[in-house]
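Remarks on the structure that follows.
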Amino acid sequence: WSHNQNYLLTSDGAGNIKYWSPSIAPVQSIDSHDGQAIHALSFSPADTKFVSCGDDATVRIWDWAGRREERVLEGHGWDVKCVQWHPRSSVICSGSKDNLVKLWDPRQGGCLSTLYGHKNTVTKVAWNDNGNWLLTASRDQLIKLYDIRKMKELCTLKGHHKEVTSVAWHPIYETVFASGGMDGTLIYWNVGPKGSEEPAVKIPFAHDMAIWDMKWHPAGHLLATGSNDRQTKFFARNRPGMKQGLDDDGLEVADGGAYDNEIIQAEMELGNHVGIVIGRRGATIIAMQRQTKTKMHVDQIRRVLQIEGTARQIETVKKRVGALLDRV
């Protein structure tokens, strides 16, 4: 949407950009990027221009009212996966499959700076509302925070076990943001001087598949996420007494010792939901094994989940698998 909420822009895999009115009626259609897929669109602060990026390795600037292409920014060596206009200034940030993040001057058409922090495809870039901080997310499972005033990397955030597919800054608290991963994990972060480089809250199976996009409510009390599992979900703060998302799902153990150390085996019946626990190409069960540090195997003939680990780990796995099946 434009910042004034009056118009909507969409793009597709065939290089087509469409203008829509607030009533979702098509206004204009433009073919661009040599027919290659367009991955992102972003309006300028005044809504007079917008920027697009695509698989032709270019970033293109458009005049909104004239509906014409003004400038082509070339410099990336591969598909450009994300782009966002600075919320205050005439600066554009883009991320590419060439592992680079570039800052552009849309008026002159030149590259201002290049950030070399990632070792794999840059999937998302996001400016903080104050315009001083920039988040970059990548397939290398890392999120990096930069202070653009000093052109300095502030921190590298590690918490995802698969590629990071989405990020979104909180609309009120400028040190808080959320991130989503390819395995459906949702993480809340609080960075900055009083924050931490560790996740504030981690929800391992928020979705069954990749979280492609997320957006905060303007008041900041709700987070909406869209996933490849064809579901849109809304997340809010836990009610008093709820422990979802806390370490070990809030599991308290009075007696340690053998409960925490002895390796035992257990089974859990899955019924007709074997495929959900396995996930696409085994993604769900692999992620769960990594997070719970257990060994798991699905017996598809008997339709049971075989678990090997400590009693605490097995109890945690059963809770998480139960929560996964409850959403079916």
>> Can you list residues from other chains, or at least 5 along the same chain, whose modelled amide H is less than 5 Å from the amide H of LEU100?
In response: VAL122
> Once phi is turned into ³J(HN,Hα) by the Karplus curve 6.51 cos²θ - 1.76 cosθ + 1.60 with θ = phi - 60°, what whole-Hz value does each residue of segment 174-183 show in order, with x for glycine and proline?
Replying inline: 6, 9, 10, 8, 10, 9, x, x, 5, 8
> trypsin sites (Lys or Arg not before Pro), restricted to segment 92-142: which are DSSP loop and have at most 15 other Cβ atoms within 10 Å?
Replying inline: ARG107, LYS119
> Across segment 87-97, in residue order, what do the Karplus-derived ³J(HN,Hα) couplings come to in whole Hz, using 6.51 cos²θ - 1.76 cosθ + 1.60 with θ = phi - 60° and x for Gly and Pro?
Replying inline: x, 10, 10, 8, 9, 10, 10, 9, x, 9, 6
>> Springs between alpha-carbon pairs under 10 angstrom, Gaussian network model over the chain: which of SER113, SER44, SER52 fluctuates most?
In response: SER113
> Long-range amide H contacts for ALA200: which residues qualify at under 5 Å (H placed 1.01 Å from N, peptide plane, sequence gap of 5 or more or a different chain)?
Replying inline: TYR188, TRP189, ASN190
>> Per-residue counts of other Cβ atoms within 10 Å, averaged by peptide: what ranking do you get for 181-190, 9-18, 158-167, 127-136, highest first?
In response: 181-190, 158-167, 127-136, 9-18
>> Suppose the chain between LYS152 and ILE286 were pulled fully straight at 0.36 nm per residue; how much longer would it get relative to their current alpha carbon spacing?
In response: 44.7 nm
> Which of the pairs LYS102/LYS158; LYS97/LYS162; LYS158/LYS233; LYS215/LYS319; LYS119/LYS194; LYS102/LYS152 have their Cα atoms more than 19 Å apart in this structure?
Replying inline: LYS102/LYS158; LYS158/LYS233; LYS215/LYS319; LYS119/LYS194
>> In whole percent, and with a 1.4 Å probe on the protein chains, what portion of the accessible area of the chain is carbon and sulfur?
In response: 47 percent
> With a Cα-only, solvent-free Debye model of segment 180-222, what are the log10 I(q)/I(0) values at q = 0.14, 0.16, 0.20, 0.34 Å⁻¹?
Replying inline: -0.39, -0.50, -0.74, -1.05
>> If I build a Gaussian network model for the chain, linking alpha-carbon pairs within less than 10 angstrom, which residue out of ARG60, ARG149, ARG88 has the largest mean-square fluctuation?
In response: ARG149
> Once the Cα atoms of helix 311-326 and of the chain are each reduced to a long axis, what angle between those two axes, in degrees from 0 to 90 to the nearest 10, is obtained?
Replying inline: 60 degrees
>> Rounded, prolate or oblate for segment 65-105? Axes are the square roots of the Cα gyration tensor eigenvalues, ordered a ≥ b ≥ c, and the cut-off for rounded is a/c under 1.5.
In response: oblate
> Stretch ALA200-LYS293 to full length: gain in nm at 0.36 nm per residue minus the Cα-Cα span?
Replying inline: 31.4 nm
>> For a quick check: with amide H placed at 1.01 Å from N, whose amide H comes under 5 Å from LYS81's, ignoring anything fewer than 5 positions away on the same chain?
In response: GLY95, SER96, LYS97
>> Residue by residue through segment 192-207, what is 3J(HN,Hα) from phi via Karplus (6.51 cos²θ - 1.76 cosθ + 1.60, θ = phi - 60°)? Round to whole Hz and write x for glycine and proline.
In response: x, x, 9, x, 8, 8, 9, x, 6, 9, 10, 10, x, 10, 4, 10
> Using a Gaussian network for the chain with springs between C-alpha atoms less than 10 Å apart, which of these wobbles most: ILE30, ILE38, ILE92?
Replying inline: ILE30
> Hey, what's the chain come to in accessible area per residue, 1.4 Å probe, Å²?
Replying inline: 51 Å²
>> Students often forget the sequence filter, so: which aspartates and glutamates lie under 15 Å Cα-Cα from LYS81 once same-chain residues fewer than 8 apart are removed?
In response: ASP12, ASP55, ASP56, ASP98, ASP140, GLU163, ASP213
> Just the accessible area for CYS82, please: 1.4 Å probe, Å², rounded to the nearest 10?
Replying inline: 10 Å²
> How high is the relative contact order of the chain, in percent, with contacts defined as C-alpha pairs under 8 Å that are six or more residues apart?
Replying inline: 7 percent
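The values are calculated or read from the model by the stated rules, or taken from the named source; none is laboratory data. None of the values given here were measured: they were computed from a predicted structure. All Cβ positions, glycine included, derive from the backbone under ideal geometry; neighbour counts span all protein chains shown. All accessible areas refer to the heavy atoms of the entire protein, side chains included, with ligands and DNA or RNA removed. Shrake-Rupley method; radii C 1.70, N 1.55, O 1.52, S 1.80 Å.
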